[in-house]
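The structure appears below as structure tokens.
The values are calculated or read from the model by the stated rules, or taken from the named source; none is laboratory data. No experiment lies behind these values; they were computed from the predicted model shown. All Cβ positions, glycine included, derive from the backbone under ideal geometry; neighbour counts span all protein chains shown.
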Amino acid sequence: MADSRVLIFDTTLRDGEQSPGASMTLEEKIQIAEFLDAMGVDIIEAGFPIASNGDFESVSEVSRVVKNAVVCGLARAGAKDIDRAGEALRQAKRGRIHTFISTSPVHMKHKLQMEPEAVLDAVVRSVTMARNLVEDVEWSAEDATRTDRDFLCRCVEAAIKAGATTINIPDTVGYTMPQEYAEIIGMLRARVPNIDQAVLSTHCHNDLGLAVANSLAGVAAGARQVECTINGIGERAGNAALEEVVMALQVRQDIMPYQTGIQAAMIARASKLVSGITSFPVQFNKAIVGQNAFAHESGIHQDGMLKNNQTYEIMTPESVGITKSSLVMGKHSGRHAFREKLKELGYDLGENAMEDAFVRFKALADKKKHLFDDDLVALVDDEVSRGNEHIRVISLRVVAGSFGPQEATLELEVDGVVEKTTATGDGPVDATFNAIKALFPHEARLQLFKVHAVTEGTDAQAEVSVRLEENGKSVTGRGTDTDTLVASARAYVSALNRLLVKRQRTAPEALRAAT
């Protein structure tokens, strides 16, 4: 590998899915994996095969469909984990086993209850076992940034000697600072005698908002692989965001002359795809892919942009796949214009999905005078998320006002059977949710109810996010409509549909990987 080439290791399907409520179906994982592969991602971490049958199947099926990228499966340091990962990767054109063990004093004492020498022995055994199954082995020192430097060097040297081809230095708890992280990478390059036989990798979490900064500091210090996720999703505050790492390297070639293989013009589409599938909205001011990333409201900024867009933009929207098209969509627009507009926004729907989306578009256009790009994105994302539904909202009528109790009359379709009920509650939303519970009894607890307007104006679409928790499992659903109560019902039902999928997953909490 040329010294200026930085490999992009995407763990959206593994670490990203560990975000509470971000569970994905097998079909959704395959859809994301194929997009990442086409986008130029070098390594796709598809799951943690020992964790559940679902994760095993995910790694196996992604291995089957991916054409260019290396497919990676995660494994702890035990033989069962490593054998399971090797089995899941059998169909991969190029497979990698990613094995890890904790090396920090706090993890070794309280999590592993192992002495340092026992951990070192486990490093050698696990890497050796993995190398007997695949040629490409990555080893990670979990909680590396809080690990004794001398011990970290010993572990890294031993892992490479046992056959590891990539050494990952995770900032598992998002604790380190850029200068400190760079010093760790530099120290390993200087002190580990066989370090030239492996690629150094970064895996940084965002607990202090420094995941991308630390990753870039690692690259500047000699790391040549960055582990990241689309939209920065992941455990707790998330991982380094792929889009931010890639564009930082592309924009600042003057001080970071490194290249990736990512097709940057596909970034916006990747962001929308992952956001739609996980029902995790992208914050408006999110770098690169946020709604406001290329928006200018201040008069001074607008004046500068009119004179030269470089006055306030360090990259073009087109460079990340965001269109500046002025094509206005309304109730007189036809199917052809609608299809072309969706293509510009990064969507390529099949005929049935396109027809369903077009019908909903026409209905929305009759309600709204002006349709913005974000209206269409919300509409299509909602349509995509409605696939494979067991439960579907048919109709809702709510009686609300200052005199209670409020009342909701709801029709639901459950596995093809339509039922109707009326329920009351402390407010129209409570009444609506009570009606859903009456038609589909469940014990899930409401953790989050959030509403925001997709666009401006009193006729704006409302986008509602609902998070439900059942037996320690959290899921998030999303719904959109110009009627906030209808959007709320759709979001709650979307979460229930995701919960039904989640119930089929058998991974115990103890198997959740950190790295």
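Of note:
- From the options 237, 213, residue that is closer than 15 Å to residue 170 by Cβ and among the small types (Gly, Ala, Ser): 237
- Candidates 353, 337, 357, filtered to the one that is surrounded by fewer than 16 Cβ atoms within 10 Å (Cβ to Cβ) and at pLDDT 70 or above: 337
- Within the range 135-158, restricting attention to residues that are crowded, with 18+ Cβ neighbours inside 10 Å and part of a loop (DSSP other than H, G, I, E, B), the residue that is farthest from the chain's Cα centre (by Cα) is 147.
- Residues of the range 124-134 satisfying the condition of being out of contact with any Lys or Arg (no Cβ under 9 Å at 6 or more places or on another chain) and not in a helix (DSSP H, G or I): 132, 133
- Taken over the range 161-178, residues that are more than 11 Å from residue 215 (Cα to Cα) and not in a loop (DSSP other than H, G, I, E, B) amount to 5.
- Identity of the residue in the range 16-63, part of a loop (DSSP other than H, G, I, E, B) and in contact with a Ser or Thr (Cβ under 6 Å, 6 or more places away or on another chain), that ends up nearest to residue 243 (Cα to Cα): 22
- Restricting 424, 480, 476 to residues that are modelled with pLDDT of 95 or more and either of a type in the set (Asp, Glu) or part of a strand (DSSP E or B) (or both) narrows the list to 424.
- Hits in the range 71-107 (condition: part of a helix (DSSP H, G or I) and closer than 28 Å to residue 37 by Cα): 81, 82, 83, 84, 85, 86, 87, 88
- Unique residue being under 19 Å from the mean Cα position of the chain (by Cα) and without any contact (Cβ under 8 Å) to a residue 40 or more places away in the chain when the list is 8, 44: 44
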